[in-house]
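A short write-up of the structure that comes next.
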Amino acid sequence: MDTAQLGPLTVSRLCLGTMLMGSSTPADESHRMLDRFVDAGGNFVDTADVYDDGGSEETLAPWLAGRRHDVVLATKVRFPVSDPGGQGLEPDRIRAACDASLRRLGVEEIDLYQVHAPDPDVPLEATLEALDGLVRAGKVKALGASNFPAWLLAWAVALQDRHGWSPFVSLQPQYSLVERSIETEILPFCRAAGLGVIPWGPLGAGFLTGRYSRDEPPPEGSRMADAADELEEAPGRRAIERNFKVVDEARAIAGEKGASVSQVALAWLIGTEGVSAPIVGPRTFDQLEDLLGATDVTLSDEERARLEAHAPPPAAYPQRFLREQNGIGDVASLGR
């Protein structure tokens, strides 16, 4: 499997997300999937303290005891957990949450420690200084962010540079063929600033597997069937005609290439400039086996254009204004 660079970390072009491990996926099956991922050339594993209230990290611990040096290990902090309790990015809580993750994972250092989302109740400077302290203490190797808007990410990067604090090396945003909003500002900024992009939801919470139909309700027990209206995979947000057209196109290309719809959707992301490693979160071993095949699929420019035609990112000011009225397309290419 090919690799990409995230600051000091060399990671595989697919990342294995472990949100379901220990809950929907039993521990023995989880460990078998981790072995298969590493044997296939993968080395990048992502979790978070909030997944199953620490259960995902605890499920990883016995496996990491024997294969810690085989993987780049990422976890996150921000949302409510019982240990250390509470939520947010206040400095003392960040330090306590990091110690709790280290303890649950059974490791001495986290390779990539990510802020799971912003915290408007804590000054950004306080959060960034606390994160820098974790790097200086040897508890964390590198830092990342997740779910940050472009302006806040740019502000954070500027503060880290100004104060000499350990920088963010990556962003973990939602990104897929059916959710391309980051192409407007976030992705261009990450490209310009040299931050790796680790997309979550690369299959649109299962929509881009091709399992859903225009003519039938979501299958019982599926993520879409159980999704509340405010969630990303809610039927009103996912099961719309333009998204079904993307799946139709992906299915046609998959048929031409002898691939699956999921593999085509992931191959599109892997081939997108600035994307380091989409995070796949299979529930079963068989699902993982299919997703691993995405690294063997290469899309032509014509195939990429076919996939992109149906669900483009929203037209937004000032990008639309600059492009249509001033002929300025790629603002990120401007000299700095």
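The values are calculated or read from the model by the stated rules, or taken from the named source; none is laboratory data. What you see is a predicted model, and the numbers here were worked out from it, not measured in a lab. Cβ: placed from backbone, ideal geometry, glycine included. Neighbour counts: every protein chain shown. Accessible surface areas use protein heavy atoms only, side chains included; no ligands, DNA or RNA. Shrake-Rupley method; radii C 1.70, N 1.55, O 1.52, S 1.80 Å.
What is the local net charge at Pro318, summed over the other residues whose Cβ is closer than 12 Å to its Cβ (Lys, Arg +1; Asp, Glu -1)? Before the final figure, lay out the partial values.
Values: positive: Arg320, Arg323; negative: Glu185, Glu324.
That works out to 0.
With all protein chains kept in place, the per residue accessible area of the chain amounts to 44 square angstrom at a probe of 1.4 angstrom.
Look at (1) 46, 31, 18; (2) 38, 26, 15; (3) 30, 26, 19: the one that is semi-axes √(5λ) of the Cα gyration tensor in Å derived from this structure is (3). For Trp200, neighbours were defined as the other residues whose beta-carbon sits under 13 Å from its Cβ, and their charges (Lys and Arg +1, Asp and Glu -1) total -3. Under a straight-distance cross-link criterion of Cα-Cα below 28 Å, which lysines are reachable from Lys139, leaving out those fewer than 8 residues away in the same chain? Within the straight-line cut-off, Lys139 pairs with Lys76.
On the accessible surface of the range 157-282, probed at 1.4 Å, how many percent belong to carbon and sulfur atoms?
46
Only Cα pairs under 8 Å and at least 6 apart count here; give the relative contact order of the range 137-216 as a rounded whole percent.
Worked out over the range 137-216, it gives 29 percent.
Across the chain, C-alpha contacts under 8 Å between residues 6 or more apart give a mean separation that, scaled by the residue count, equals a relative contact order of 17 percent.
Would you mind calculating the relative contact order of the range 180-336 from Cα pairs under 8 angstrom and at least 6 residues apart, reporting the percent as a whole number? Once normalised by length, the contact order is 31 percent. At the listed q of 0.13, 0.19, 0.23, 0.24 Å⁻¹, the Debye profile of the range 199-303, built from one uniform point per Cα, gives log10 I(q)/I(0) equal to -0.47, -1.00, -1.37, -1.44. Summing charges over neighbours of Asn43, with a neighbour being any other residue whose Cβ is under 12 Å away from its Cβ, gives -2 when K and R count +1 and D and E count -1. Packing, taken as the mean count of other beta carbons within 10 Å per residue, orders the peptides 66-72, 109-115, 138-144 from highest to lowest as 109-115, 138-144, 66-72. Can you list which of the DSSP-assigned H helices in the chain have a Cα extent of 30 Å or more along the long axis and an average Kyte-Doolittle score of at least 1.6? Span-like helices here: none at all. Computed from the C-alpha gyration tensor, the three semi-axes of the ellipsoid equivalent to the range 245-336 are 31, 16, 12 Å, from longest to shortest.
Quick one: with all protein chains in place, what share of the accessible area of the range 1-88 is carbon or sulfur, to the nearest percent (1.4 Å probe)?
Whole-percent figure for carbon plus sulfur exposure: 47.
Of the trypsin sites (Lys or Arg not before Pro) found in the range 291-321, no site is in coil according to DSSP while having at most 10 other Cβ atoms within 10 Å of its Cβ.
Applying the criteria of a DSSP loop state and at most 14 other Cβ atoms within 10 Å to the GluC sites (Glu not before Pro) of the range 252-299 yields Glu273.
Subtracting the Cα-Cα distance of Ala315 and Phe285 from 0.36 nm times their residue separation leaves 6.9 nm of extension gain.
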